[in-house]
Amino acid sequence: MLRAQVCSNNELSFLMEAHDGLSGAIAKRAGFKGLWASGLSIACSLGYRDANEASWSHVVDVVERIVDSTALPVLVDGDGGFGNFNNARLLARKLRQRGAAGVALEDSCFPKMNSFVGERHPLADITEFSGRLRAVKDTVADDLILVARIEALIGGHGMDEAILRAHAYADAGADAILIHSRKSSADEILSFVSAWQNRLPVVIVPTKYYRTPVSAYRDARISTVIWANHSMRAAIAAMRHVCGRIIAEEGIATIEPSVATLEDVFDLLGYDELARAEARYLPPAVDLQR
Ligand code: SPV
Ligand code: MG
């Protein structure tokens, strides 16, 4: 199902960020049909920086919770694969075991740094990174969608370098190309798409060029848009607000209407199913009064 979303030039798909089972469940309720397990957001929710401080095993554990709580296809941000070809293929194998639908690997060096921190990120050697992709493809074949993410524009290495890398990664077996940009307009992304001519489907992350309407991406026949970190950022804003109010007011009376009800919590996580299962599987309660 993720293959249909990420690997189609015909219809624009959207993946919503999730960083735990709850954010995944909320995205599903909102109507999203696929999720992005964001490295930035998962690290952030664990109190780590997006600099490979969270380990690959932290990530696969969180992915398992997202998959379990949603049953949606999940494209996992695999960073650079946590090392060389061997670490990358181990990560892919583990993600397959935990039920992920795809993995995106970026051509960064270990340890990576979030694309929006600092200016000139070093890129992995093109041949070495192609080997990482080939190793993943040889390991998981078509069980996981393999998205090759190009950081050339992020690192200021120019369009020619980005296109060169896209062709190399397609040759290495990628199913789709994720082209990332730090610009506040989509011009650079749209130039890439027109030079690339859809040899493979294109995935984008419009975090910085958020003002561009999605019709521009439909017109360019982009395959997938990732809303990469917005549940995590919404949670920060909401938690900061509520903590500030409670400490200032030394009470919770006034914030009650602005937080989710407990009924909402129970509903989101399907407590009603548990009550039905108890009625079916637990022996009837014994009346100790008799
Ligand atoms: C993430 O969500 O972790 C991403 C997208 O990789 S970005 O933070 O824009 O690099
Ligand atoms: Mg990331």
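The values are calculated or read from the model by the stated rules, or taken from the named source; none is laboratory data. Model, not experiment: these values are computed from the prediction. Neighbour counts are summed over all protein chains in view; Cβ atoms, including those assigned to glycine, are modelled from backbone coordinates with ideal geometry. Heavy atoms of the whole protein, side chains included, go into the accessibility calculation; ligands, DNA and RNA do not. Shrake-Rupley method; radii C 1.70, N 1.55, O 1.52, S 1.80 Å.
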Could you go through the stretch 60-75 and let me know if any residue there is within 16 Å of ligand 1 (Cβ to nearest atom), surrounded by fewer than 19 Cβ atoms within 10 Å (Cβ to Cβ) and in a helix (DSSP H, G or I). no
Are there any pairs, at least 6 apart or on different chains, whose C-beta atoms fall under 6 Å, with the first in the stretch 38-51 and over 14 Å from residue 235 (Cα atoms) and the second within 11 Å of ligand 2 (Cβ to nearest atom) and part of a helix (DSSP H, G or I), and if so, which? 50/39; 50/40; 50/43
Residues of the stretch 108-149 classified as more than 14 Å from ligand 1 (Cβ to nearest atom) and among the hydroxyl-bearing types (Ser, Thr, Tyr), total: 3
Filtered residues of the stretch 101-155 (kept if open to solvent by 10 Å² or more (accessible area, probe 1.4 Å) and hydrophobic (A, V, I, L, M, F, W, C)): 101, 109, 110, 113, 116, 117, 123, 126, 135, 141, 153
Search result, residues across the stretch 27-55 that are surrounded by 20 or more Cβ atoms within 10 Å (Cβ to Cβ), away from ligand 2 (no atom under 11 Å from the Cβ) and of a type in the set (A, V, I, L, M, F, W, C): 27, 32, 35
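Consider residue 183 carefully, then state whether it is in contact with a Ser or Thr (Cβ under 6 Å, 6 or more places away or on another chain), in a loop (DSSP other than H, G, I, E, B) and under 30 Å from residue 46 (Cα atoms).
Working: in contact with a Ser or Thr (Cβ under 6 Å, 6 or more places away or on another chain): no; in a loop (DSSP other than H, G, I, E, B): yes; under 30 Å from residue 46 (Cα atoms): yes.
Considered against the rule, which asks whether it is in contact with a Ser or Thr (Cβ under 6 Å, 6 or more places away or on another chain), in a loop (DSSP other than H, G, I, E, B) and under 30 Å from residue 46 (Cα atoms), residue 183 comes out as no.
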For residue 168, only one of the following conditions fails: (1) touching a helix residue (DSSP H, G or I) at 6+ places or on another chain (Cβ under 9 Å); (2) assigned to a loop (DSSP other than H, G, I, E, B); (3) hydrophobic (A, V, I, L, M, F, W, C). What is its number? (2)
Only unsatisfied item for residue 12, checking (1) more than 14 Å from ligand 2 (Cβ to nearest atom); (2) modelled with pLDDT of 95 or more; (3) surrounded by fewer than 18 Cβ atoms within 10 Å (Cβ to Cβ), is (3)
Being closer than 20 Å to residue 108 by Cβ, within 15 Å of ligand 1 (Cβ to nearest atom) and either at pLDDT 95 or above or in the same structural domain as residue 118 (by TED's automatic domain parsing) (or both) is true for just one of 39, 24, 34, 83. Which residue is that? 39
Just one listed residue, out of 11, 17, 53, is under 13 Å from the mean Cα position of the chain (by Cα) and either within 12 Å of ligand 1 (Cβ to nearest atom) or in a loop (DSSP other than H, G, I, E, B) (or both), and it is 17
